[in-house]
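Asker: Take this structure, written in structure tokens, and hold onto it; I'll ask about it next.
The values are calculated or read from the model by the stated rules, or taken from the named source; none is laboratory data. As the structure is a prediction and not an experimental result, all values here were calculated from the model. So basically every Cβ, Gly included, is an ideal-geometry build from the backbone, and we count neighbours across all protein chains shown. Accessible surface is based on the protein model in full, side chains and every heavy atom, while ligands, DNA and RNA are left aside. Shrake-Rupley method; radii C 1.70, N 1.55, O 1.52, S 1.80 Å.
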Amino acid sequence: AEPQNQALIKRVEDAFGSAGAPLQKPGRLLLGEGTLSKVCRKSEQLRQFFLFNDILIYGMPQFRGSYTKQRVLELISLSVQPVPGQPRALDLHSPQKSFRVVCNTAAEAEQWAQRIRLCSEDCRRRLGLSAGISPAAETSPIWVPDSAASVCMHCKTAQFGVVNRRHHCRRCGAVVCAPCSNRTWLFPSISATPQRVCLTCYNKLSSHSTAGASSSANADQSDHLEPKPPGTATWNRSHLDRKPRGTKPPGTQATWNPSHLEPKHLEPKPSGTEATWNRSHLEPKPPGTEATWNGSHLERKPPNSEQNIERIRRVEQSFGSSGVTLLQTGRVLVAEGTLLKVCRRRTQKRRVFLFNDLLVYGSPLAGDCQRLVQQRVLQLAGVQTRQLADEGGASFQVMSPSKSFTMFAGSAEDAAKWVEFIRSCVADHSGDSSVASDSTGSTGASDCGGGVVRAPVWVPDGRSSNCMLCSATFGLISRRHHCRNCGFLVCSPCSQHTWVLPAQSDQPLRVCDTCYSLLAEPASPN
């Protein structure tokens, strides 16, 4: 219904705050939303996407369901195409911005592509344009990630480093050095000021401009850009026929899977779950699929030795030579999934692997989600887990002597499964189920059984703008610091002491004044 749709659009407006663009418009419908990985220049980052019937909006997730860095793309000039060899990846082309996104399954990528195409065609049809043909003569390029080029892609000789920085040509997206990109050209669809271009593109643009053949310049864009999707009219557009206000489309054309692409114009969001995290990561995994990118797939792996060895080797290969050796006698890969880890500055995607004696996680590499970096290995001995009540119960904490943190699953059910499986593995590993759970609400360092002290869960930087001891305001000069004993955000004057916390490091670590006083008490044996 119209009031329901307007309320949902208002929710998206409020999530972006005063920095976002007004979204309320007659005839505009919010069709769905989901969290996808956007391949950026330096790394792969999470973005929340909102698909309307005329625009596509995305932004960076923050805490409590808010978003920043809003970007609005008109669907009438937006094209989407699959990436050869990467069934979960999609390339989005528009005159203002082009980029690559990575979904969690091939089925999810196909659904996003289908709905964007249908909405885009509907926008063109309402203006009397041919299906599959964009009114824009030229689209911006998809930038090559920095990590994909160690030398200039123009001269092929200049090595990038601290002095010789990377630059991107705004016409072809190639990574080039400064001498090979010392020219500029005006692209009205991208910016009102001249943009950096490489020498090859500058020469071609100059020759076309001199000859007065602007159309040839647009056609020559294909030398650098990947081809656009063919302009065929074979897609089913029946669900985009204009319907009377207040009625739903017939059938289930717009009923996207609620676990990753909720039908926002059909069903209201349940109360108490406005700040949802990682909704697009929970599509049920097709039976027999070996490549699992599904946070809800937490079934125990079969004990078959050959299957288990193959899976563990696949995990080892995903981390490359920088990872530790995981294949050992008696080790079983129990579960795996993609979750959101609350880090110090922002929430980031992590691939998590649960073994019967280890918990391993890593970061997907930008542009290649099959590769993982920044491996972290936690021994299950002394590990505790607990499900949190906030965010609809979709979050849980993992606490160990060396590292503690908060993670978000796609739903309370998935978070409960993770907690259950981790506790079960800890109990099997230690032979005592009492050490696997924690019902306390403390986030600081505390005893986790057998006299073992667990590391604290750090308070994220964005959670407080003031020191949690003296209330001093943080800024450019007064920086944020974390006490390694309680995890609180404190200023420098309140955390000038250090203390050796053997479970975390053999070097003295920063602690706040309160913790230092407790640790240094003569009555304390430690």
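Asker: What order do Asp91, Asp461, Asp14 take when sorted by accessible area (1.4 Å probe), most exposed first? Spell out each step's value before the answer.
Answerer: Numbers: Asp91 0, Asp461 20, Asp14 90 Å².
Greatest to least solvent exposure: Asp14, Asp461, Asp91.
Asker: Turning to a different aspect of this structure: Over 25 Å apart: what share of the alpha carbon pairs of segment 306-430 falls there, rounded to a whole percent? Present the calculation step by step, with values, prior to reporting the outcome.
Answerer: Working: 1632 of 7750 pairs.
Across segment 306-430, Cα pairs with separations above 25 Å total 21 percent.
Asker: Along its three principal axes, how long is segment 1-127 when you only count alpha carbons? Whole Å, largest extent first please.
Answerer: Per principal axis, max minus min of the Cα coordinates gives 43, 38, 26 Å.
Asker: Classify segment 48-188: rounded, prolate or oblate, from the alpha-carbon gyration tensor (a ≥ b ≥ c, eigenvalue square roots; a/c under 1.5 rounded; otherwise prolate if a/b is larger than b/c)?
Answerer: Working: a/c = 1.99, a/b = 1.59, b/c = 1.25.
Note, shape of segment 48-188 comes out prolate.
Asker: From the backbone phi of segment 164-177, what are the Karplus-calculated ³J(HN,Hα) couplings (6.51 cos²θ - 1.76 cosθ + 1.60, θ = phi - 60°) in whole Hz, Gly and Pro given as x?
Answerer: Using θ = phi - 60°, the values come out as 8, 7, 7, 9, 10, 6, 7, 9, 10, x, 6, 8, 10, 7 Hz.
Asker: Could you work out the mean projected area of the convex hull around the alpha carbons of segment 146-204, in square nanometres to one decimal? Mind showing how you got there, number by number?
Answerer: On the way: hull surface 16.5 nm².
Dividing the Cα hull surface by four gives the mean projection, 4.1 nm².
Asker: Across segment 321-329, in residue order, what do the Karplus-derived ³J(HN,Hα) couplings come to in whole Hz, using 6.51 cos²θ - 1.76 cosθ + 1.60 with θ = phi - 60° and x for Gly and Pro?
Answerer: 6, 7, x, 7, 6, 9, 7, 9, 5
Asker: Kirkwood hydrodynamic radius (Cα pairs, Å) of segment 466-525? Please list the in-between numbers first.
Answerer: Values: mean 1/r = 0.0840 Å⁻¹.
Radius from the Kirkwood sum: 11.9 Å.
Asker: Anything over 23 Å Cα to Cα? Flag those among Lys38/Lys341; Lys38/Lys417; Lys69/Lys156; Lys38/Lys97; Lys42/Lys204; Lys69/Lys204, in the order listed. Could you put the intermediate results ahead of the total?
Answerer: Working: Lys38/Lys341 17 Å; Lys38/Lys417 28 Å; Lys69/Lys156 34 Å; Lys38/Lys97 12 Å; Lys42/Lys204 28 Å; Lys69/Lys204 34 Å.
The pairs that break the limit, which is 23 Å between Cα atoms, are Lys38/Lys417; Lys69/Lys156; Lys42/Lys204; Lys69/Lys204.
Asker: Non-local amide H neighbours of Gly20 (under 5 Å, H modeled in plane, Pro and chain starts lacking H): which ones?
Answerer: none
Asker: How much accessible surface does His154 have with a 1.4 Å probe, in Å² rounded to 10?
Answerer: His154 has an accessible surface of roughly 60 Å² with all protein chains in place.
Asker: To continue, here is another question. Could you state how much accessible area Leu469 has, in square angstrom rounded to the nearest 10, with a 1.4 Å probe and all protein chains kept in place?
Answerer: It works out to around 70 Å².
Asker: Would you please calculate the Kirkwood hydrodynamic radius of segment 52-128 over all C-alpha pairs and express it in Å, rounded to one decimal? Walk me through the numbers before you get to the answer.
Answerer: Working: mean 1/r = 0.0748 Å⁻¹.
The answer is 13.4 Å.
Asker: Using a 1.4 angstrom probe on the protein heavy atoms only, line up Val459, Val332 by accessible area, largest first.
Answerer: Working: Val459 20, Val332 45 Å².
Heavy-atom accessible area, descending, gives Val332, Val459.
Asker: If you count, for each residue, the other Cβ atoms within 10 Å and average over each peptide, how do 312-321, 489-498 line up from highest to lowest?
Answerer: Per-residue Cβ counts within 10 Å, averaged per peptide and sorted highest first, yield 489-498, 312-321.
Asker: Residue-wise, which Karplus ³J(HN,Hα) couplings in Hz belong to segment 84-100, taking 6.51 cos²θ - 1.76 cosθ + 1.60, θ = phi - 60°, and x for glycine or proline?
Answerer: Going residue by residue, I get x, x, 10, x, 8, 9, 9, 9, 10, 10, 8, x, 7, 7, 10, 6, 10 Hz, with x marking Gly and Pro.
Asker: Another question, if that's okay. Could you give P(r) for segment 91-173, binned at 10 Å from zero, as whole percent values over all Cα-Cα pairs?
Answerer: Percent of Cα pairs in each bin: 14, 32, 28, 17, 8, 0.
Asker: Tell me the accessible surface of Cys40 in square angstrom (1.4 angstrom probe, heavy atoms of protein chains only), to the nearest ten.
Answerer: 30
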